[in-house]
Amino acid sequence: MAKKALKQFNETVKFLKKQYKETPTVGIVLGSGLGNFINEIAIEKEVPYEDIPNFPVSTVEGHKGKLIFGKLSGKTVVAMAGRFHFYEGYSAQDVVFPVRVMKLLGVETLLLSNAAGGVNTDYKVGDIMIIKDHISQFTPNPLIGKNIAEFGPRFPDMSEPYKRHLIQKAKAIALVHNFDVKEGVYLAVTGPTFETRAEYKMIHVLGADVVGMSTVQECIVASHAGMEVFAMSVVTDVGIREEDNIITHEEVLEAAKLAEPKLATIFKELVAAI
Ligand code: HPA
């Protein structure tokens, strides 16, 4: 699909502002198997993606495909139940379209979640990891093309894509609740294939702790537009192992569901603290 012009963003934002009058300051994107988090939100308005002008429509199993407006921990939030992935055939610009719409709606802080494969050999299925940095080089950069200066600069700084002050707050929350949380590097791949054994090894050597098929393109445009990003992965499989290396989407969804309460606690309390 062609690169979206600012006009299209404005059309979408105008439509959504008619649907919901308040200004969301926090945006939330829920990953595979993590969609139940919407139950934590006091929902005031739901808008199916197919009703929103210029929005792509999600196809992958485990994604519900609607934009949710409401209250969470005293804040006005907008949440995507179901995100768009590059592997579905969307352009990188389409994948990030909703994040830019969130920016124009007033969102200042973006919380992202995802299911990811563990490549750090200390990680187990069900672990949760705060993303402290990412490697984006295996996926197309969504800012390639004419820069939309209304969003941000041509050459954005990426020295702190995941804000340290949010990471510190999240770690403090995990400590209070007495659960272990990892902190590491997320490497993005396009998918839809899971990695070969050799690829998991390569990703490990490159310094990543987990690998997944989302999040990084969203983080890039959010950073570009000056939003503060916080992101967490649920380790749904451990890719880096010699035996039993078969990974299925069902296994990923199941493991994500089991770890979801921990992630929900962090998201809820983090939103209260910002
Ligand atoms: N690789 C890539 N993406 C993933 C994985 C994986 O092992 N698990 C969940 N999403």
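The values are calculated or read from the model by the stated rules, or taken from the named source; none is laboratory data. Small disclaimer: the values here were computed from a predicted structure and weren't measured. Because the Cβ atoms are built from the backbone with ideal geometry, glycine has one as well, and the counts that use them run over all protein chains shown. Areas reflect the complete protein model, heavy atoms only, side chains present, ligands, DNA and RNA absent. Shrake-Rupley method; radii C 1.70, N 1.55, O 1.52, S 1.80 Å.
Starting from the amide H of ALA115, placed 1.01 Å from N in the peptide plane, find each other amide H under 5 Å away whose residue is 5 or more places distant or on another chain.
Close amide H contacts, sequence-distant or interchain: SER32, VAL234.
What residues from region 248-274 fall in the zone where the backbone N is under 20 Å from a label point 7 Å along the Cα-to-C-beta line of ASN178?
259-267, 269
For region 110-177, run through the trypsin sites (Lys or Arg not before Pro) and keep only the ones in DSSP coil with at most 15 other Cβ atoms within 10 Å of their Cβ.
LYS124, LYS146, ARG154
For the chain, find the longest principal axis of its Cα atoms and tell me its angle to the long axis of helix 249-273, 0 to 90°, nearest 10.
Long axis of 249-273 versus the principal axis of the chain: about 60 degrees.
Considering only DSSP beta bridges where both residues belong to region 2-273, give the percentage that are antiparallel (nearest 5).
Bridges in region 2-273 that DSSP calls antiparallel: roughly 40 percent.
Between VAL205 and ALA149, what is 0.36 nm times their sequence separation minus the Cα-Cα distance? Round to one decimal in nm.
Full extension of this stretch gives 16.5 nm more.
At a threshold of 8 angstrom on Cα-Cα distance, excluding pairs fewer than six apart, so keeping six or more, what relative contact order does the chain reach in percent?
RCO, the chain: 26 percent.
Only helical DSSP H runs with n ≥ 4 go in: add -39500 (n - 2.57) per run for the chain, normalise by residue count and round the 222 nm mean residue ellipticity to 500 deg cm²/dmol.
Estimated from H runs of four or more residues: -10000 deg cm²/dmol.
Could you tell me how many cubic angstrom of Cα convex hull volume the chain has per residue?
So the per-residue hull volume is 114 Å³.
Once amide H atoms are placed 1.01 Å from N in the peptide plane, what residues at a sequence separation of 5 or more from PHE179, or on another chain, have their amide H within under 5 Å of its amide H?
The list, which skips near neighbours in sequence, is empty: none.
Please report the carbon-and-sulfur percent of the accessible area for region 2-273; probe 1.4 Å, protein heavy atoms only, DNA, RNA and ligands left out.
53
Stretched out fully, how many nm does the piece from GLN168 to PHE15 gain, at 0.36 nm a residue minus the Cα gap?
Here the segment from GLN168 to PHE15 would lengthen by 51.4 nm.
Please work out how much length the chain gains when fully extended from GLU250 to LYS124, using 0.36 nm per residue of separation minus the C-alpha to C-alpha distance, in nm with one decimal.
Extending this stretch completely gives an extra 43.6 nm.
Rolling a 1.4 Å sphere over the protein heavy atoms, what is the accessible area per residue of the chain, to the nearest Å²?
43
Can you pull out the trypsin sites (Lys or Arg not before Pro) in region 201-274 whose DSSP state is coil and whose Cβ has at most 14 other Cβ atoms within 10 Å?
Taking region 201-274 and a limit of 14 other Cβ atoms within 10 Å, the loop trypsin sites (Lys or Arg not before Pro) found are ARG241.
Net charge within 10 Å of VAL229 by Cβ-Cβ distance, Lys/Arg positive one each and Asp/Glu negative one each, not counting VAL229 itself?
-2
Compute the angle between helix 6-19 and the longest alpha-carbon principal axis of the chain, please, reported from 0 to 90 degrees and rounded to the nearest 10.
Long axis of 6-19 versus the principal axis of the chain: about 80 degrees.
Enter the angle in degrees (range 0 to 90, nearest 10) between the Cα long axis of helix 92-105 and the first principal axis of the Cα atoms of the chain, meaning the one along which they spread out most.
That helix lies at roughly 50 degrees to the long axis.
What are the ³J(HN,Hα) values, in whole Hz, obtained from phi via the Karplus relation 6.51 cos²θ - 1.76 cosθ + 1.60 with θ = phi - 60°, for each residue of region 188-200 in sequence order, with x given for Gly and Pro?
Once θ is set to phi - 60°, the couplings for region 188-200 become 9, 10, 6, x, x, 5, 5, 7, 6, 4, 5, 5, 4 Hz.
With every protein chain kept in the model, how would you rank ASP157, ASP133, ASP127 by accessible area, 1.4 Å probe, largest at the top?
ASP157, ASP133, ASP127
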